[in-house]
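Chemist: First the structure, which I've put down as structure tokens, then a few questions once you've had a look.
Bear in mind that the values in this text are calculations on the coordinates, not laboratory data. This structure is a prediction, so every number in the text was calculated from the model and none was measured. FYI the Cβ positions are ideal-geometry reconstructions off the backbone, even for glycines, and counts take in every protein chain you see.
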Amino acid sequence: MPSQTHLLEELSEDKRLLIQKFRLQPRMIDQKIYWVRCFGNRPDHPYATHRAMRRCHIIELVFSFYDLCVAKMTYIRTHADAFIPCKNDLHLNRLVSCPWWDMDCLCHRASGTLIDLRNLAEINDINVFRALCHKLENSGPAALRLVQNQ
């Protein structure tokens, strides 16, 4: 297996930062290189193959880390300009905009609707997801600015 340094050199900066955020290590599993989160007291958790890390868009990787389905990944990636990736800044006690690799939630620009990726993962019914998409696509201007650009 190539060294971790060599594997990281094959990836873009945002993907290297995503690996760092989740503290992933490369491991050979079934003759494929996976990026794995290692825990001392439970089994390792593989997140993505190295091939996927090289080929997939950063939104697809983040969404796969949150166990979001392909329909949700495709919708957000297709409508990426309609959203601001953001995260909760504990020091400022508010939401702040951030790069796609670091997001925990999305703010819909037009409506101000905040979508936590963990809550988005809980939507299992395609009709519920379609209703959310319809609501977002037909929303007016945001009443409140939830995320302030840095």
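Chemist: Suppose the chain between Gln20 and Arg118 were pulled fully straight at 0.36 nm per residue; how much longer would it get relative to their current alpha carbon spacing? Before the final figure, lay out the partial values.
Modeler: Values: separation 98, 0.36 × 98 = 35.28 nm, distance 2.02 nm.
Full-extension gain reported as 33.3 nm.
Chemist: Karplus couplings for segment 38-53 from phi (6.51 cos²θ - 1.76 cosθ + 1.60, θ = phi - 60°), rounded to Hz, Gly and Pro as x?
Modeler: 9, 10, x, 10, 7, x, 4, 10, x, 9, 7, 6, 5, 4, 5, 4
Chemist: So what's the projected area for segment 4-55, the Cα convex hull averaged over all directions, in nm²? Can you show the working numbers first?
Modeler: On the way: hull surface 14.4 nm².
Mean orientational projected area (segment 4-55, Cα hull): 3.6 nm².
Chemist: Also, I was wondering about something else. With every atom except the alpha carbons ignored, what do you get for Rg and Dmax of the chain, in angstroms?
Modeler: Looking at the chain, its Cα Rg and Dmax stand at 16.9, 53 Å.
Chemist: Right, next: Simple spin-label model, 7 Å along Cα-to-Cβ: Ile126 to Asp81 in nm?
Modeler: So the two model labels end up 2.8 nm from each other.
Chemist: Tabulate in residue order the Karplus-calculated ³J(HN,Hα) for segment 72-81, using 6.51 cos²θ - 1.76 cosθ + 1.60 with θ = phi - 60°, rounded to whole Hz; enter x for Gly and Pro.
Modeler: Taking θ as phi minus 60°, the curve returns 5, 4, 5, 4, 5, 5, 5, 10, 4, 5 Hz for segment 72-81.
Chemist: Sticking with this one: Would you list which lysines come within 21 Å of Lys32, measuring only between C-alpha atoms, while excluding same-chain residues fewer than 8 positions from it?
Modeler: Within the straight-line cut-off, Lys32 pairs with Lys15.
Chemist: Would you mind calculating the gained length between Arg27 and Ser3 on full extension (0.36 nm times residue separation, minus the Cα-Cα distance), in nm to one decimal? Don't skip to the end; give the middle numbers.
Modeler: Working: separation 24, 0.36 × 24 = 8.64 nm, distance 1.04 nm.
Roughly 7.6 nm would be gained on extension.
Chemist: Assuming 0.36 nm per residue, please report the length gained on full extension of the stretch Val70 to Arg54 beyond their Cα-Cα distance.
Modeler: Values: separation 16, 0.36 × 16 = 5.76 nm, distance 1.80 nm.
That works out to 4.0 nm of additional length.
Chemist: While we're here: Given the rule -39500 (n - 2.57) for each run of at least 4 DSSP H residues, summed and divided by the residues of the chain, what is its mean residue ellipticity at 222 nm, to the nearest 500 deg cm²/dmol?
Modeler: Taking each H run of at least 4 residues, the total per residue is -9500 deg cm²/dmol.
Chemist: Tabulate in residue order the Karplus-calculated ³J(HN,Hα) for segment 114-128, using 6.51 cos²θ - 1.76 cosθ + 1.60 with θ = phi - 60°, rounded to whole Hz; enter x for Gly and Pro.
Modeler: Working through the residues one at a time gives 9, 10, 6, 4, 5, 5, 4, 5, 6, 6, 9, 9, 4, 5, 5 Hz.
Chemist: Mind ranking 73-79, 60-66 by how tightly packed they are, going by the mean number of other C-beta atoms within 10 angstrom, highest first?
Modeler: On the way: 73-79: 16.0, 60-66: 19.6.
For the peptides 73-79, 60-66, the packing ranking is 60-66, 73-79.
Chemist: As a test of the definition: which semi-axes, in Å, follow for segment 66-137 when you take the square root of five times each eigenvalue of its alpha carbon gyration tensor? Largest first, please. Show your work: numbers first, answer last.
Modeler: Details: eigenvalues 87, 35, 26 Å².
In descending order, the three semi-axes are 21, 13, 11 Å.
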